Amino acid sequence: SNCSNNYGPWQFPEKLIPLMISRGIQNKSMPIYGDGKNIRDWLFVEDHIKALIKIVKKGKIGETYNIGGDEESSNLKIVNLICSNLDEKLPFNAPHHRLIKFVKDRKGHDFRYSINYQKVKKTLNFSPSVKLHKGLKRTVDWYIQNYNWLMNKSRS
């Protein structure tokens with residue numbers, strides 16, 4: 001299988017979403033490459049697991065399946081959604097949007113990652129069930145509740 005960007009609980013802190021949540025919780029700057037308009041398709045981890053189970057149970061050996069979230073969004077939009085969730089949960093540090101800092105983009109940084117998951121949708125009846133705004137809310141909540149784990153992994 002191939003999949004779009006995953007997010008959710010337990011993701012290591014070097015990735016965009018947990019990094020921004022961690023930085024926001026700590027009231028530190030939230031660095032975004034370039035102008036933040038890079039686009040990614042996002043898939044909540046539980047939806048990815050459901051798709052993998054369908055592939056194992058009903059997929060054909062030797063076939064390749066693309067798993068998408070059908071949730072394309074810019075990095076800036078993702079970070080703004082995270083900030084809004086943090087404002088709700090940690091109002092004493094609000095507004096978290098003030099922490100956003102644009103930094104020089106990486107050379108060769110792809111502008112857009114997209115995935116066509118029509119095959120797994122049609123042949124295995126898979127569609128993601130967790131919408132981005134709800135998945136991000138759950139993810140922010142999880143990292144706040146598991147702050148000690150997050151900080152330990154950030155130092156690893």
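The values are calculated or read from the model by the stated rules, or taken from the named source; none is laboratory data. These numbers come from a predicted model, not from an experiment. All Cβ positions, glycine included, derive from the backbone under ideal geometry; neighbour counts span all protein chains shown. Each accessible area value is taken on the protein alone, full model and side chains, heavy atoms only, with ligands, DNA and RNA left out. Shrake-Rupley method; radii C 1.70, N 1.55, O 1.52, S 1.80 Å.
Observations, loosely collected:
- Among residues of region 88-109, those that are more than 29 Å from residue 26 (Cα to Cα) and either open to solvent by less than 60 Å² (accessible area, probe 1.4 Å) or charged (D, E, K, R) (or both), counted: 0
- Members of region 81-115 that are of a type in the set (D, E, K, R), within 29 Å of residue 50 (Cβ to Cβ) and outside any loop (DSSP other than H, G, I, E, B): 88, 89, 112
- Out of 87, 105, one residue alone is on the phi < 0 side of the Ramachandran plot and modelled with pLDDT under 95. It is 105.
- Selected residue (criterion: farthest from residue 56 (Cα to Cα)) from residues of region 88-105 that are of a type in the set (D, E, K, R) and in contact with a strand residue (DSSP E or B) (Cβ under 6 Å, 6 or more places away or on another chain): 101
- Residue match in region 43-63 (condition: in contact (Cβ under 8 Å) with a residue 12 or more places away in the chain and closer than 27 Å to residue 107 by Cα): yes
- Total residues in region 41-83, condition of a type outside the set (Val, Ile, Thr), more than 13 Å from residue 132 (Cα to Cα) and within 15 Å of the chain's Cα centre (by Cα): 3
- Taking region 116-156 as the region of interest, the helices (runs of 4 or more DSSP H) fully inside it that hold 2 or more residues being of a type in the set (A, V, I, L, M) and surrounded by 15 or more Cβ atoms within 10 Å (Cβ to Cβ) are 118-124, 132-145.
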